[in-house]
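One structure is given here, and the rest of the page talks about it.
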Amino acid sequence: MAFYCGRLCAKPVIANLRRLPVVLNTAQYAQAAAVPKVTFKKFEPPKPEHYDDKNARLKRPLSPHLTIYSPQLTSMLSITHRAAGMILSGYISALGIGALVLPNDISHYVTMIEGLNLSPATIFLAKVLIAAPFGYHFANGLRHLYWDTAKGLTIKEVYSTGYAMLATATAITLFLAAL
C-alpha cells in the first residue's frame, strides 16, 4: 500500500503495515477518542507590590549609593560649580524682580544699609559672601574653557588646575570684596 506524504513529497512513502493496529477494541477506541477534561480558572492579575517589598522578598541587597564613595577634589569642585551657578541665578532673579517690584531705586537701599552703622569687618564679610559664588564660577568657567581646547585632561593636570582655580577664585573674591 502506498501513502503520499503531502503536496511537497513527490515520491510515495510505503507504510510499514506491521506498526499500524489492524483492529481497535472498544476500550482502546474509547481511550483514543476520549477528550481530556479541561478546567478553567479565573485570571487574576498580580497584586501590586511595592518596590522595596519585592527587593526584600527576592533578598536583593540595598544599593549603598553615595555612602561608599569618598569625596574627591574633582567631584566636589563639580558640585560646587553647579551650586555657584544656581546661587548666581538666584542673585540675578532677586535683583531683577526687586527692580520691578520695589518702590525705590538701589541708591535708597544702599543708604539704608549705610545707616545701620555696621563695622567694616561685617561689611567686608558680607561682600565676600556675595562675591564668592561669582569668583568661583568665573574661575572654574575659565578652567572649563581651557579643557575645551583638549588640554589639561590627565588626572594630574585636572588636580593641579583644580588647586590653581581655587587660588584664582579666592583672589577674585577678595578683590571684589575689597572694592
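If one computes the Cα centroid of segment 37-88 and of segment 95-163, what distance in Å separates the two points? What the calculation gives is 36 Å, centre to centre. With θ taken as phi - 60° and the Karplus curve 6.51 cos²θ - 1.76 cosθ + 1.60 applied, the whole-hertz 3J(HN,Hα) list for segment 89-102 is 5, x, 4, 5, 5, 5, 5, x, 5, x, 5, 7, 9, 6 Hz, x standing for glycine and proline. Sorted on the mean count of surrounding Cβ atoms within 10 Å across their residues, most packed first, peptides 41-52, 135-146, 90-101, 150-161 read 135-146, 150-161, 90-101, 41-52.
Rounded to the nearest 0.05, what FRET efficiency is calculated for F124 and I87 with R0 set to 25 Å and r the Cβ-Cβ distance?
Details: r = 19 Å, r/R0 = 0.77.
Between F124 and I87 the formula returns 0.85.
Accessible area of segment 58-163 with a 1.4 Å probe: how many percent of it is carbon plus sulfur? With neighbouring chains kept in place, the figure for segment 58-163 is 72 percent. Loop-located trypsin sites (Lys or Arg not before Pro) across segment 44-137 with a Cβ neighbour count of 16 or fewer within 10 Å are K59, with loop assigned by DSSP.
The values are calculated or read from the model by the stated rules, or taken from the named source; none is laboratory data. Predicted model only: the values in this text are computed from it and were never measured. Backbone-built Cβ (ideal geometry, glycine too); neighbour counts: all protein chains shown. Note: accessible area is taken over every heavy atom of the protein model, side chains too, but ligands, DNA and RNA are not part of it. Shrake-Rupley method; radii C 1.70, N 1.55, O 1.52, S 1.80 Å.
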